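See structure below.
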């Protein structure tokens, strides 16, 4: 997936991490900075609550933002950006996201606060580029009918309850049976999500622009159950082999989830539209790995 030019930006949606009072002075500054450049700012409802009242301020719920703006600016950590990315994916919207890091790690929100104005200026003037990131679409079928649909940027994770025994999952790619996994769980992830739960579970780091899906067992009972990387066009199906006492759940980007039942089948594949992330800097992915993870250091 190559870098693409960023279309003109005249209307920006702004979303801050919930209850992030440290963002207040930056939000006020951004509002004034954008107004001075004749760029409209639309503040997400909870984000506007962090700011002092102002006449004429445009406010909208997240569902409206993904349809009514040219770009979304996220201030927070990766979790805040993931929540917004999933809403963009659910809406099938192609609007890009620029993440500014208030957290401690920030693979997705890679822009730092000192870089904020420069990054915004780059986006508004059309000097920034877009990087496309593969997203996941999940469908859970229950009793022969479609039950739940979700979109995720990082991963869909099937896990056991804290006090349950390990779970038993049959995994298919398309119509072909792959393996039966006995483990604490299973991660179906994207390259973007390779540095999230996948990494903690011993999965590989995959450069985000690679067109691939990752299947990573969590604490497998069999040592030969190793992570595998498959083509991004693959359709992954997982069938839990459950007993009455088993407690199995599925979560999406750690944001939302539900319990699975015996007989359920989860299908995961890439979405038709990727997420588009604004890249205002020339900072490379490997530089981010070295900075955030101390990757390659002794």
Please tell me if residue 99 is farther than 26 Å from residue 238 by Cβ, part of a loop (DSSP other than H, G, I, E, B) and assigned by TED's automatic domain parsing to the domain that holds residue 14.
-> no
Would you be able to say whether some residue in the range 11-23 is outside any strand (DSSP E or B), out of contact with any strand residue (DSSP E or B) (no Cβ under 6 Å at 6 or more places or on another chain), within 21 Å of residue 279 (Cβ to Cβ) and in contact (Cβ under 8 Å) with a residue 40 or more places away in the chain?
-> no
Of all the residues that make up the range 60-80, how many are closer than 15 Å to residue 153 by Cβ and modelled with pLDDT of 95 or more?
-> 2
Residue 166 vs. criteria at negative phi and touching a helix residue (DSSP H, G or I) at 6+ places or on another chain (Cβ under 9 Å) | no
Extreme residue, farthest from the chain's Cα centre (by Cα), among residues of the range 124-148 that are crowded, with 16+ Cβ neighbours inside 10 Å and in a loop (DSSP other than H, G, I, E, B) = 128
Has the range 39-49 got at least one residue that is surrounded by 12 or more Cβ atoms within 10 Å (Cβ to Cβ), closer than 15 Å to residue 121 by Cβ and in contact with a strand residue (DSSP E or B) (Cβ under 7 Å, 6 or more places away or on another chain)?
-> yes
Just give me the residues in the range 149-167 being at pLDDT below 95 and surrounded by fewer than 18 Cβ atoms within 10 Å (Cβ to Cβ), in sequence order.
-> 161, 162, 163, 164, 165, 166
Give the residue that is modelled with the lowest pLDDT, with candidates limited to residues of the range 110-123 that are touching a helix residue (DSSP H, G or I) at 6+ places or on another chain (Cβ under 8 Å) and assigned to a helix (DSSP H, G or I).
-> 113
Out of 218, 235, report the one residue that is crowded, with 17+ Cβ neighbours inside 10 Å and at pLDDT 95 or above.
-> 218
Candidate set from the range 168-206 (those that are assigned to a loop (DSSP other than H, G, I, E, B) and in contact (Cβ under 8 Å) with a residue 40 or more places away in the chain); member that is surrounded by the fewest Cβ atoms within 10 Å (Cβ to Cβ) | 174
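Results for (1) modelled with pLDDT under 95; (2) within 25 Å of residue 158 (Cβ to Cβ); (3) touching a strand residue (DSSP E or B) at 6+ places or on another chain (Cβ under 7 Å); (4) surrounded by 17 or more Cβ atoms within 10 Å (Cβ to Cβ), shown as yes or no for each residue.
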{"site": "230", "(1), (2), (3), (4)": "no, yes, yes, no"}
{"site": "245", "(1), (2), (3), (4)": "yes, yes, no, no"}
{"site": "260", "(1), (2), (3), (4)": "no, yes, yes, yes"}
{"site": "275", "(1), (2), (3), (4)": "no, yes, yes, yes"}
{"site": "287", "(1), (2), (3), (4)": "yes, no, no, no"}
{"site": "292", "(1), (2), (3), (4)": "yes, no, no, no"}
Of everything in the range 239-271 that's part of a loop (DSSP other than H, G, I, E, B) and in contact with a helix residue (DSSP H, G or I) (Cβ under 8 Å, 6 or more places away or on another chain), which residue is farthest from residue 171 (Cα to Cα)?
-> 255
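The values are calculated or read from the model by the stated rules, or taken from the named source; none is laboratory data. Keep in mind that this is a model prediction, so the values were computed, not measured. Cβ atoms come from the backbone with ideal geometry, glycine included; neighbour counts cover every protein chain shown.
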